[in-house]
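Step one of this worksheet: look at the structure below.
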Amino acid sequence: MTTPIDLRSDTVTKPSTAMREFIANCQVDDDVIDIDPTVAALQELIAEMTGKEAAIFMPSGTMTNQVGLRIHCRPGDEFICEAGCHIYNYEQGAYASLSGLSPSLIAGDNGILQPEQLLGSIKADNEHFPITKLLCLENTHNRGGGRVQPYENVKQICHWAHENGLKTHLDGARLFNAVAATGISAKEWSSHFDTVSICFSKGLGAPVGSALCGTKEQMYYARRHRKVFGGGMRQAGVIAAGALFALQNNVERMHQDHENAQQLATIINNTEGLSLPGPVDTNIVMMDIDENIGTAAAVAGELDSQGVRCLALGPQRIRLVTHLDVTSEQVSTACEIISTTVKEVLAGSRKLSGNGAQY
Ligand SMILES: *Cc1c(COP(=O)(O)O)cnc(C)c1O
């Protein structure tokens with residue numbers, strides 16, 4: 001069998017030869033004692049791209065988000081976020097265990113929040129309630145199927161938050177996908193937020209790392225919190241170099257992933273038994289499976305055995321993600337395998353056997 005077409009996530013990319021060479025040749029130093037020059041160059045570049053004074057490099061997006069929360073809130077405070085967001089669903093409840101915070105959840109439409117949904121969401125000054133300090137948005141929205149928050153909504157929601165004394169944090173793990181999809185720069189998107197988290201290990205194709213961006217003062221505290229969360233890294237230039245290379249080389253090409261995602265969207269629309277729960281804006285495609293075909297986990301298991309890897313994200317929902325290590329031809333092949341498999345199952349000529357995992 002040929003190499004699997006891995007559509008489980010945009011985190012599965014491997015550093016290219018050119019990236020590995022760049023990494024091999026980078027200058028390093030102890031970034032805890034003082035500063036590693038490659039980390040410094042990366043921090044400077046991402047701060048400039050997001051229009052912020054400073055940035056701090058960390059090992060993961062979970063850490064940049066959690067340090068972001070820690071900067072803005074004290075134990076007992078509350079933050080407002082969308083119910084399907086990564087900070088609430090996929091970070092082990094770290095806001096509670098690490099920082100003593102509680103979330104106030106508002107359900108969006110595939111992750112998209114409308115400004116009027118926020119009205120009345122700030123708790124009154126009353127000893128029964130936590131103090132509402134922060135509003136978090138996610139763009140693009142992972143669980144929402146890579147949806148881009150409409151720019152006007154972001155602007156209005158953040159304006160409302162600041163008018164009402166809240167701070168704002170953007171989980172921009174995939175902000176560059178939103179940039180590629182809209183032509184609105186990272187700087188413009190970021191201008192509405194106090195702090196912004198960016199992942200280099202998603203669609204940008206670096207092996208490791210994220211950055212938190214904000215004011216110099218905020219980043220002074222971010223560096224302290226990073227240390228206590230276990231994220232002080234010594235010769236971190238070896239991983240920052242991958243992220244720096246990614247920012248310099250892999251931003252412009254990102255629209256290709258979005259075009260490839262459209263191929264998947266088309267085949268899903270045209271295959272009986274499959275449907276899209278919402279529009280496909282970027283590189284994430286959610287595929288809903290009719291119950292008469294089988295469960296998402298069983299379909300994912302079957303596709304896996306045919307060389308197409310994907311994740312079951314719900315009882316009847318599969319997630320497919322395009323990225324820089326899958327070509328347009330490979331995505332076409334994946335489309336054929338998906339549609340043939342579903343047709344054969346519905347015609348009774350193929351049985352689903354194995355049971356893949358559900359996330
Ligand atoms: C991947 C991701 C993160 C961070 O994940 P790590 O695995 O900790 O780097 C944060 N937010 C969103 C929306 C993500 O998709």
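Every number in this text was worked out from the coordinates using simple rules, so none of it is lab data. Predicted model only: the values in this text are computed from it and were never measured. Glycine also receives a Cβ, built like all others from the backbone with ideal geometry; neighbour counts cover every protein chain displayed.
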### Task
With springs connecting C-alpha atoms under 10 Å apart, model the chain as a Gaussian network and identify which of Phe79, Phe129, Phe245 has the largest mean-square fluctuation.
Phe129
### Dipole magnitude of the chain about its Cα centre (Cβ charges: Lys, Arg +1; Asp, Glu -1), debye to nearest 20
560
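For the chain, give me the percentage of DSSP beta bridges that are antiparallel, rounded to the nearest 5 percent.
Values: 21 of 42 bridges.
Close to 50 percent.
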### Task
Any aspartates and glutamates with Cα under 15 Å of the Lys216 Cα? List them, leaving off those in the same chain fewer than 8 positions away.
Glu44, Glu48, Glu53, Asp194
#### Entry: Choice from Gly232, Gly214, Gly183 showing the highest fluctuation, given a GNM over the chain with Cα pairs closer than 10 Å
Gly183
### Task
Please work out whether region 240-294 counts as rounded, prolate or oblate from its C-alpha gyration tensor, where a ≥ b ≥ c are the square roots of the eigenvalues and a/c under 1.5 means rounded, while otherwise a/b larger than b/c means prolate and anything else oblate?
prolate
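Taking only DSSP H segments of four or more residues, each worth -39500 (n - 2.57), what value at 222 nm results for the chain once the sum is divided by all its residues, to the nearest 500 deg cm²/dmol?
The helix-only estimate for the chain comes to -12000 deg cm²/dmol at 222 nm.
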### Task
May I ask you to derive the relative contact order of region 235-359, considering only C-alpha pairs under 8 Å and at least 6 residues apart, and to give it as an integer percent?
27
### Query
Of the trypsin sites (Lys or Arg not before Pro) in region 313-359, which ones lie in a loop per DSSP and count no more than 16 other C-beta atoms within 10 Å?
Arg350, Lys351
### Query
What are the lysines whose alpha-carbon lies under 19 Å from the alpha-carbon of Lys155, with same-chain residues fewer than 8 places away excluded?
Lys52, Lys133, Lys167, Lys187
### Query
Where in the chain are the DSSP H helices whose C-alpha atoms run 27 Å or more along the long axis and whose mean Kyte hydropathy is at least 0.0?
328-347
#### Entry: Within straight-line cross-link reach of Lys351, lysines at Cα separation under 25 Å, skipping those fewer than 8 residues along the same chain
Lys343
#### Entry: Antiparallel bridge percentage (DSSP; both residues within region 1-136; nearest 5)
10
### Query
Hey, what's the Cα Rg ratio for region 216-352 versus the globular rule of thumb, 2.2 N^0.38 Å?
1.39
### Task
Taking the Cβ of each residue in Glu217, Glu138, Glu127 as the centre, tally the other Cβ atoms inside 10 Å and list the residues starting with the fewest.
Glu127, Glu217, Glu138
#### Entry: At q = 0.12, 0.16, 0.17 Å⁻¹, base-10 log of I(q)/I(0) for region 71-210 (Debye sum, equal scatterers on each alpha carbon)
-0.45, -0.81, -0.92
### Task
Fewest Cβ neighbours within 10 Å first, please rank Glu272, Glu82, Glu163 accordingly.
Glu163, Glu272, Glu82
### Query
In terms of the Cα gyration tensor, with a ≥ b ≥ c the square roots of its eigenvalues, is the chain rounded because a/c is under 1.5, prolate because a/b exceeds b/c, or oblate?
oblate
#### Entry: Long-range Cα-Cα pairs in region 310-356 (distance over 13 Å), rounded percent
68
### Message
I want to verify a result. In a Gaussian network model of the chain, Cα cutoff 10 Å, which of these has the top mean-square fluctuation: Gly51, Gly205, Gly145?
### Response
Gly51
### Task
Can you check what the net charge comes to around Cys81, using other residues whose Cβ is under 14 Å from the Cβ of Cys81 (Lys, Arg +1; Asp, Glu -1)?
-3
### Task
Name the shape class, rounded, prolate or oblate, that the alpha-carbon gyration tensor gives for region 172-231, where a ≥ b ≥ c are the square roots of its eigenvalues, rounded holds for a/c under 1.5, and otherwise prolate holds if a/b is larger than b/c and oblate otherwise.
oblate
### Message
Please report the antiparallel percentage of the DSSP beta bridges confined to region 151-282, to the nearest 5.
### Response
50
